[in-house]
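A short write-up of the structure that comes next.
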Amino acid sequence: MNFHGIVMYQKEYRERDMLIKFFTQEAGKRMFFIRGAKKRGFKMTADLLPFTYGVYVGDIREPGLSFINAAKDTTNFTKIGQDISKNAYATYIMSLLDMAIPDNQLLGSWYPRLFHALSLINDGLDEAIIANIFEVQMMSLFGVEPNLRQCVICGRTDLPFDYSESYGGLLCQAHWHLDPNRLDLDQRTIYYLRQFSAIDLTKLKTISVHEETKQHLRRALDMIYSDTIGVYPRSKRFIDQMTKWKPLDNSKKD
Ligand SMILES: [Zn+2]
């Protein structure tokens, strides 16, 4: 069968073969066994590099490993491969999606979303922000659906907001007293979190966020992810080492 796929990663297997994991549109995440992939003269080397996408011909087996017989029409996100930061965030997005959805299960709208996220990063949009959008939208896949539309207590939308992990969403200023451990986010950060939850990645053309707000978003999402989702892929650890931003003052100032 023909399938559309995006290469997630390669793994050496035995002396001459490889295992290659794909996101596929037709059959979810799949591991493919590629016989002879490490032999000299192997024809599909470029088609199977990470951050390559396109149409492939293969046998999708269940259960067990699948096979690829040919690559029909493939393209590589070359700018992602060449840039350490783009590479790191693209890898992080893919590893989050890998953790959130079981293998062999259809990816639905997540396949086009992933494809567009990678395209946007490859085209030069801010990779950290694209990752943030993914992080916000993916929370529901991890079973956490924070209310980012309105105050979770009274439904108001006209007062300043803060984010409460224990209430699972926004609290308006009139209800801040209910959660002394709310995240103490500034209104600009809240604004972007709300935007990110609603953005259609497949229609996004441009985005630009001030550096300070980017750090606040990173801090907010790190807290939400570590406290309520509990997922920390190795690729994220790499990003944290790479960015080494200064920790921000977390004291409450009411
Ligand atoms: Zn309220």
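The values are calculated or read from the model by the stated rules, or taken from the named source; none is laboratory data. Because the structure is a prediction, the values reported are computed rather than measured. Counting neighbours? That spans all protein chains shown, and the Cβs are built from the backbone with ideal geometry, glycine included. We work out accessible area using only protein heavy atoms, side chains counted, and drop any ligands, DNA or RNA first. Shrake-Rupley method; radii C 1.70, N 1.55, O 1.52, S 1.80 Å.
Observations
- The value of relative contact order for the chain, using C-alpha pairs under 8 Å at least six residues apart, is 15 percent.
- These residues, Trp176, Trp110, go from largest to smallest accessible area, 1.4 Å probe, as Trp176, Trp110.
- Estimated FRET transfer efficiency when R0 is 41 angstrom, pair Asp59-Val144 (beta carbons, to 0.05): 0.65
- Each of Pro102, Pro50, Gly168 was scored by the projection of its Cα onto the charge dipole of the chain, and the greatest displacement toward the positive side belongs to Pro50; charges sit on the C-beta of Lys, Arg, Asp and Glu.
- Take every Cα pair under 8 Å whose residues are at least 6 apart in sequence, average their separation, divide by the length of the stretch 154-213, and the relative contact order is 27 percent.
- Orphan Cys of the chain, criterion: no other Cys C-beta under 4.7 Å: Cys154
- Residues whose amide H comes within less than 5 Å of that of Tyr9, counting only those at least five positions distant or on another chain, are Lys21 (H built at 1.01 Å from N in the peptide plane).
- Relative to the dominant Cα principal axis of the chain, helix 211-224 is inclined by about 80°.
- Exceeding the 25 Å Cα-Cα cut-off - candidates Lys205/Lys244; Lys29/Lys205; Lys21/Lys236; Lys43/Lys203; Lys86/Lys205: Lys205/Lys244; Lys29/Lys205; Lys43/Lys203
- Taking every alpha-carbon pair under 8 Å whose residues sit at least 6 apart, the stretch 17-134 reaches a relative contact order of 26 percent.
- For Leu106 and Ala70, a Förster radius of 30 Å and the Cβ-Cβ distance give a FRET efficiency of 0.80, rounded to the nearest 0.05.
- Acute angle (nearest 10 degrees) that the helix 84-100 long axis makes with the longest principal axis of the chain, alpha-carbon atoms: 90
- Taking all protein chains into account, the per residue accessible area for the stretch 2-76 stands at 52 Å² (1.4 Å probe).
- Given charges at beta-carbon only (K, R positive; D, E negative), |dipole| of the stretch 80-243 in Debye: 220
- Degrees separating the helix 234-243 axis from the principal Cα axis of the chain, which is the longest one: 60
- Accessible-area composition of the chain, carbon plus sulfur, in percent [1.4 Å probe]: 49
- When you count the other C-beta atoms within 10 angstrom of each residue and take the mean per peptide, 183-194, 230-241 line up highest first as 183-194, 230-241.
- Measuring with a 1.4 angstrom probe and ignoring ligands and nucleic acids, Thr91 comes out at about 50 Å² accessible.
- Rounded FRET efficiency, nearest 0.05, which uses the C-beta distance separating Ala46 from Glu212 and R0 of 35 Å: 0.30
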